[in-house]
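Working notes for the structure below.
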């Protein structure tokens, strides 16, 4: 669980609510159903229109990475590669075949299979790099839906504000209805800007950081697997891969 993300959400929205309270405003004034429907529904509708279904589903699935990112440890990856290298040095590449059924990572499993099959090092690199690029592009396209929502949200908030003002102007003869119309107008703008800058844009950036970390990990694995295929010394491989750790 990523506590920093959880604290960020709490602090961000808490700062708005707390600032409103300290200025003498009422918290209830910031909760407006019509405004939330306009901004939330409009933003999601726009992103549905923009995004292919498969990408949208993947982006919604990736949302959990913000608070519970996939476990990525470069140190564990280095240890794994070094252990494979030592086994290959003692038993040959075919000695890695027994590891295949126990390897949970599909990317690692593919690399192992290529090693066991005796594929040339350059071919191994090309195959794994193509998979890395395809996976990275797929994930980045899914993460960008949150950037898109961050772009649409403030504009749709303005639409909500204009709709509220239209309601106000059409009911000037009825003072009792003016308050709700004005509230919807201003609260919709707050919702649009707040969701974009406290929620959607940060989520997109966080997901991109996770994707970058995953790609770095896979690049390290490729380098290690190719080094094993070339018959490099396990200690030399370890020293090379430690260059990926910053």
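Remarks
- Helix 53-62 vs. the chain, principal-axis angle (Cα, 0 to 90°, nearest 10): 80
- Projected-area average for the range 88-169 over all orientations - Cα convex hull basis, square nanometres: 8.2
- Between 69, 52, 154, the GNM of the chain built on Cα springs shorter than 10 angstrom shows 52 fluctuating the most.
- The chain: most fluctuating residue of 98, 153, 215 per GNM, C-alpha cutoff 10 Å: 98
- Angle in degrees between helix 178-195 and the longest Cα principal axis of the chain, rounded to the nearest 10: 20
- If you take the Cα centroid of the range 194-246 and the Cα centroid of the range 89-122, the two points sit 20 Å apart.
- Stretchable slack from residue 122 to residue 219, in nm (0.36 nm times residue separation minus alpha-carbon distance): 33.5 nm
- Using alpha-carbon coordinates, inclination of helix 3-22 to the longest axis of the chain, degrees: 10
- Summary value for the range 32-244: 36 percent relative contact order, contacts being C-alpha pairs under 8 angstrom separated by 6+ residues.
- Cα-based shape type of the chain, given that a ≥ b ≥ c are square roots of the gyration tensor eigenvalues and the cut on a/c is 1.5: prolate
- Our summary of shape: the Cα atoms of the range 25-132 have principal axis extents of 72, 31, 22 Å, ordered from largest down, in whole angstrom.
- All C-alpha to C-alpha distances of the range 58-111, sorted into 10 Å bins beginning at zero, yield P(r) values of 19, 41, 24, 13, 3 percent in whole numbers.
- Ranking of 217, 71 by count of other Cβ atoms within 10 Å, fewest first: 71, 217
No lab work stands behind these numbers, since they all come straight from the coordinates. Quantities reported herein were computed from a predicted structural model and do not represent experimental measurements. Please note: Cβ atoms are built from the backbone with ideal geometry, for glycine as well, and neighbour counts cover all protein chains shown.
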